[in-house]
Structure formats: structure tokens, C-alpha cells
Amino acid sequence: MAIISNTLLKGSDDFEVEFTILQQENSSELIEEDNCWVDYDIDRLNSKIAKLDKDIDVLTNDADQLDNAIAVASGLLCGLIDSFFVGEFSFMEGMEISNEKMEQKIINLAKKHGWEGIQQGERKGQTPLDAAIAFLEDKFKMPSDPLEHQFGGTRQHHLRDFAHHHSPIGLFFSILTQFTGRAYGTDTNGVFMSIEVPKEMIGTDLKKKWAIAVTDWALHLASDMHGSSATAGAGTGIPGPIVSLLKAISALPIWGTKPHIPGEQPNPNSLSLFTAKLYNGTLLGQRDENGKLIPVKIDLRGEKAILQQMGKQSVPVIINEVLVRVFYFIRRMYIALKNNEIHSWDDITKLNWRTIVPIYNRTISHMMLVASGTFVAVDLGDAAIRSAIQSCGSWEKFAAGMLLRINYPGIGRFIVALGAEGHMEFRRSKKRTERMTLMTELLQAQSIKVFNTQKQMWMAAEQAETIIDNLYNEVEKSFPLIVKCIQENNDDYKSIESYEKGIAKNNPWIIDLLK
């Protein structure tokens with residue numbers, strides 16, 4: 001039940017305050033309960049704001065001049081290491097290393113599965129690699145090998161037959177072949193198709209199906225990765241994970257390619273044609289002085305060669321990364337130990353490790369951006385100068401030299417650093433906006449508490465005014481009684497005079513007391 005009271009308070013110097021209080025029964029209890037909830041909200045908001053402050057601190061760039069100078073120096077040093085010790089990208093060097101490792105791997109696998117080396121009766125002039133490949137081909141069959149001509153012959157069937165791919169895609173279709181009895185790949189135009197395989201190539205029970213689909217598949221690919229036994233090292237290898245993925249994408253229906261009709265000119269989609277040229281070496285191949293094409297095949301061997309060269313180029317990039325992060329960690333640890341007065345292992349808990357560990361904070365992200373940017377600048381400058389000197393004014397030679405001398409992992413790291421910096425700035429802005437929203441809510445909660453306090457004050461003032469009015473009324477009521485008592489006392493004093501003679505006679509000492 002609502003009660004409305006109008007109150008006029010008067011003070012000194014003609015100061016008056018008139019206010020209206022709308023209150024309910026037990027309103028004091030309701031205000032106290034409301035204050036409890038408001039206090040809870042204030043504590044909750046303060047806790048969230050404190051957490052956001054820590055997150056914003058991590059996402060704030062605190063790098064000073066020394067941090068930036070060290071980052072620049074590290075990038076410059078690693079750029080010089082790249083220039084003088086790494087050199088240009090050499091696909092042929094990578095192929096030599098890749099071929100050597102692959103040959104040794106094939107021979108070791110053959111020996112592990114029963115090959116005893118070149119035996120009498122084998123092809124004259126056969127190398128250990130030829131014999132090892134022949135052994136693996138003969139012992140571990142691929143169900144789709146008899147379908148070589150349906151998939152485009154010796155030069156193309158490894159690419160068009162998905163089971164010949166050295167990738168998860170190849171493993172998937174090898175397993176699928178054992179449980180469906182069909183091989184899967186593409187026709188000449190790159191359109192997806194399936195062909196029935198000979199029944200004798202399918203396992204008769206579940207155990208044999210899995211053995212052929214996984215074990216035999218892996219070991220047969222080992223025999224194909226370096227060419228056949230007749231063309232070991234120079235023949236067509238098998239697609240690696242990158243080419244395999246491109247080929248699978250090119251076979252999707254989204255390209256709208258029509259199946260090849262025998263007798264007509266093949267008309268593959270652009271991605272399928274690009275993948276085929278990349279795989280057989282005509283896309284990146286170069287011609288010698290006589291006009292003969294020297295193919296640069298990007299099969300599994302080619303992908304491993306590129307990976308090997310990328311690994312070589314990654315060395316200065318990794319050194320740059322380590323130098324900057326180690327410096328950051330040592331300096332931030334020293335500052336933290338000094339500022340927090342750490343004297344024992346128990347005091348280590350005082351440290352804010354999020355700002356010390358050199359990962360995922362804005363300062364180290366900024367330093368890595370500066371370091372990698374300096375590295376890329378030095379690398380590009382070196383590549384441009386060397387290419388310009390070697391090109392003798394030929395733009396084609398200059399462009400080719402730039403492509404060979406650019407440090408691709410370094411450029412990739414710089415792009416990652418740019419992305420990390422942008423992402424952290426976006427997160428920081430988002431958290432600052434969230435903090436402003438929480439601060440607004442906190443201000444509202446505190447305003448509610450102030451209002452409740454004011455309400456309690458005015459209620460107390462209204463109660464005090466009521467008490468004063470009641471006291472005034474009681475004083476007014478008691479005034480006639482006081483007057484009556486005074487009158488009666490006066491009458492009593494007058495009546496005492498009539499007894500003066502008797503008192504003087506009988507109790508003379510009382511006269512002095514009465515006076």
C-alpha cells in the first residue's frame with residue numbers, strides 16, 4: 001500500500017525544503033534488499049572490469065625504444081645471414097637431396113620386407129634401386145594398376161587414379177576400392193569417374209581388405225614414388241599432398257566440365273589442366289639453348305625438394321624469432337623481479353606471467369612485426385641488387401632472379417606478424433568497448449545506490465519532523481497542567497500563612513525552613 005506524504009522543513013535564515021515521499025509499507029526493508037542486489041552488481045562489474053584491464057594490458061603495445069632497436073638489429077643481422085649464407089632458391093639442389101633420401105628409403109623398405117639385393121637372373125645392368133623398386137612392385141600390388149590405360153597411360157595414370165596419390169585422399173580411395181570393388185579417378189577432361197577392378201585384387205575377408213588397402217597401398221606407393229623399375233629416378237613419380245589436393249578440387253562438379261568422348265579433343269577445366277602441367281613438368285619447365293624442354297616436375301619428389309629449400313630458407317627466420325623472443329623474456333623477467341621485490345620462490349606468484357612469457361602479447365607481437373619487416377626489407381633489397389647486377393638490363397632475368405632470391409618463409413612470417421598485430425588491435429578495441437559498457441553499467445548501479453541513500457535520508461528527515469511535531473503537541477497538552485500546578489502551589493503557600501502562629505508555637509524550627 002503506497003503512502004504519499006508532503007513535508008515542509010524550515011531552517012534558519014528563512015531556509016525551507018518541501019519534499020514529497022512516496023513510500024510503501026516496509027519500504028526500509030525493501031531499500032535494504034535493493035541495496036544488497038546493487039552491491040552484488042557493483043562487485044560483479046568491478047571484477048569483470050579488473051579482468052578486462054589485465055586483458056587490455058596484454059593487448060597494449062608497451063615496446064620502448066630499446067625494444068624496437070633490438071628488433072631492428074635482429075632483423076638486420078638475420079637478413080645478412082640470409083644474404084651471405086642461405087643464397088638463392090635452388091630447386092635442383094633440393095631435388096638432388098630429395099632423390100638421394102628417397103632412393104635410400106626405397107632400398108631400406110625393400111630390404112626390410114625380404115629383398116636380398118640384386119640376384120642372378122635379374123635384368124642386366126640393373127641398379128640396386130631398379131631391383132628394389134621391381135621387388136616392391138611385384139610383392140605389393142595396387143588394385144588399380146591394371147587400369148593404367150583407362151586412366152591415361154603410363155605418364156598420367158598416377159595423377160588421374162586417386163589411389164596413387166601420396167595423401168589422405170589416396171588412402172581414402174584405396175580403402176573405398178576394397179569395399180566397393182571400383183577404382184576412382186578422372187578421365188582425360190578431369191571429370192570424376194569410377195571403373196571396376198579385377199576381383200582377384202579385392203581382399204576376400206575384412207582382414208585382407210584392410211591389409212591391401214593400407215599396407216600394400218603404402219608399400220606400392222614407395223615403389224612408384226621414384227618412377228618405375230625401368231625408369232627409376234627419371235620416370236613419372238606420384239602426386240604429393242599439394243598436387244593431390246589440387247587434382248581432387250579440379251574433379252568437383254562445380255567446374256561444369258563434361259566427360260570426355262572418345263575421338264574428340266580433350267577439353268579439361270583450367271584447374272585440371274594447370275595441375276596436369278604442374279605434375280608433368282611443362283608448367284615450370286625451361287628450354288635449353290637448343291630449345292629442348294627441361295621439365296620441372298612437381299610430383300612427390302618435387303614437393304619434397306621445395307620443402308627442403310624452404311627449410312633452408314627458414315633458418316634465418318627462426319634465428320630472428322629466437323633472438324627477439326629471448327631478449328624480450330630476459331628483459332621483462334628482470335623488470336618484473338625488480339619491481340615486485342622477489343626474494344624467494346614463494347614470491348614468484350606475484351609475477352604477471354602473461355606479460356613476461358614471450359608469446360601472445362601485444363608487445364612481443366609488435367617487436368616481431370618490426371623484426372620480420374626489417375628482415376624482409378633487407379632480403380628484398382639484397383635480391384633486387386643481386387638480380388639487377390646479374391640481369392644486365394633484362395627485365396625477364398631480373399624478375400627470375402628476384403623470384404629465386406626472395407626468402408619466402410620470411411615473407412610468410414611478415415604476413416603472419418601483420419595479421420597478428422591487426423587481430424590484437426581488433427581484440428583490444430573490442431575489449432575497450434566492452435569495458436566502456438561495463439563502466440556505464442557500474443555508474444548506473446552506483447547511481448541507484450546513491451538514490452537509495454538519498455531516499456533513506458529523506459525518509460529519516462520526514463520521520464524526524466513527525467517526532468518533533470508530536471513533541472510540540474505533547475508540550476501544548478502539558479502546558480495547562482503546569483499552570484494548574486503552579487496555581488495550586490501558590491494557594492498552598494498562602495494557606496500556610498494562616499498556620500504561622502501555631503507553627504511558631506509548636507515547631508518554631510519549621511519557620512526558618514519554610515522561609
The answer for L283, listing residues at least 5 apart or on another chain whose modeled amide H is closer than 5 Å to its amide H, is L278
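What order, most packed first, do the peptides 86-93, 273-280 have when packing is the mean number of other Cβ atoms within 10 Å of each residue? Mind dumping the intermediate values first?
On the way: 86-93: 15.9, 273-280: 20.6.
Averaged packing, sorted descending, gives the order 273-280, 86-93.
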Expected vector for region 252-269, Karplus 3J(HN,Hα) from phi with 6.51, -1.76, 1.60 and θ = phi - 60°, integer Hz, x for Gly and Pro, equals 5, x, 4, 7, x, 6, 8, x, 6, 9, x, x, 9, 5, x, 9, x, 6
Expected vector for region 463-470, Karplus 3J(HN,Hα) from phi with 6.51, -1.76, 1.60 and θ = phi - 60°, integer Hz, x for Gly and Pro, equals 5, 4, 5, 5, 4, 5, 4, 4
Placing each pseudo-label 7 Å from Cα in the direction of the beta carbon, I468 and W395 end up separated by a distance in nanometres of 9.7 nm
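Could you work out how much longer the chain between D138 and V315 gets when fully extended? Use 0.36 nm per residue separation minus the Cα distance between them, nm to one decimal.
59.6 nm
Would you mind computing Rg(Cα) / (2.2 N^0.38 Å) for region 220-371, counting N as its residues?
Working: Rg = 26.7 Å, N = 152, 2.2 N^0.38 = 14.8 Å.
Its radius of gyration relative to the 2.2 N^0.38 Å reference: 1.80.
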Applied in sequence order to region 321-338, the curve 6.51 cos²θ - 1.76 cosθ + 1.60 (Karplus, θ = phi - 60°) yields integer Hz couplings, x standing for Gly and Pro, of 4, 5, 4, 5, 5, 5, 4, 4, 4, 5, 5, 5, 5, 4, 5, 5, 5, 6
Dividing the helical contributions, -39500 (n - 2.57) per DSSP H run of n ≥ 4, by the residues of the chain yields a 222 nm value, nearest 500 deg cm²/dmol, of -21500 deg cm²/dmol
Between M193 and residues 5 or more places away or on another chain, the pairs with built amide H atoms under 5 Å apart involve G185, T186, D187
Amide H neighbours of R182 at under 5 Å, excluding residues fewer than 5 places away on the same chain, with H built from the backbone geometry, are V197
Any lysines whose Cα falls less than 22 Å from that of K208, other than same-chain ones fewer than 8 residues away, would be K112, K139, K141, K199
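Using a probe of 1.4 angstrom, how much of the accessible area of region 409-469 is carbon and sulfur, in percent?
Values: 2660 of 4000 Å².
The computed percentage sits at 67.
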To the nearest Å², the heavy-atom accessible area per residue of region 317-409 with 1.4 Å probe amounts to 58 Å²
Helix 241-250 sits off the longest principal axis of the Cα atoms of the chain, rounded to the nearest 10 on a 0 to 90 degree scale, by 90 degrees
In the list (1) 1.44; (2) 1.04; (3) 1.00, the entry giving Rg/Rh (Cα atoms, Kirkwood Rh) computed from the coordinates is (1)
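Report the relative contact order of the chain, percent, no decimals, based on alpha-carbon pairs under 8 angstrom and at least 6 residues apart.
Details: 606 pairs, mean separation 102.1, N = 515.
Once normalised by length, the contact order is 20 percent.
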In region 129-171 the accessible area split gives carbon plus sulfur, as whole percent at 1.4 Å, a share of 56 percent
For K477, counting only lysines whose alpha-carbon sits under 29 Å away and dropping same-chain residues fewer than eight positions off, the answer is K10, K494
With Cα coordinates, the longest principal axis of the chain makes an angle with the long axis of helix 91-112, in degrees rounded to 10, of 80 degrees
Once the in-chain neighbours fewer than 8 apart are removed, the lysines whose Cα is under 23 Å from K501 read K515
Simple spin-label estimate for E289/I49, 7 Å along Cα→Cβ, in nm, reads 8.0 nm
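The values are calculated or read from the model by the stated rules, or taken from the named source; none is laboratory data. Computed from a predicted structure; not experimentally measured. Quick reminder, even Gly has a Cβ in these numbers, built from the backbone with ideal geometry, and neighbours come from all protein chains shown. The protein model used for the area step is the full one, side chains on, heavy atoms only, and it has no ligands, DNA or RNA in it. Shrake-Rupley method; radii C 1.70, N 1.55, O 1.52, S 1.80 Å.
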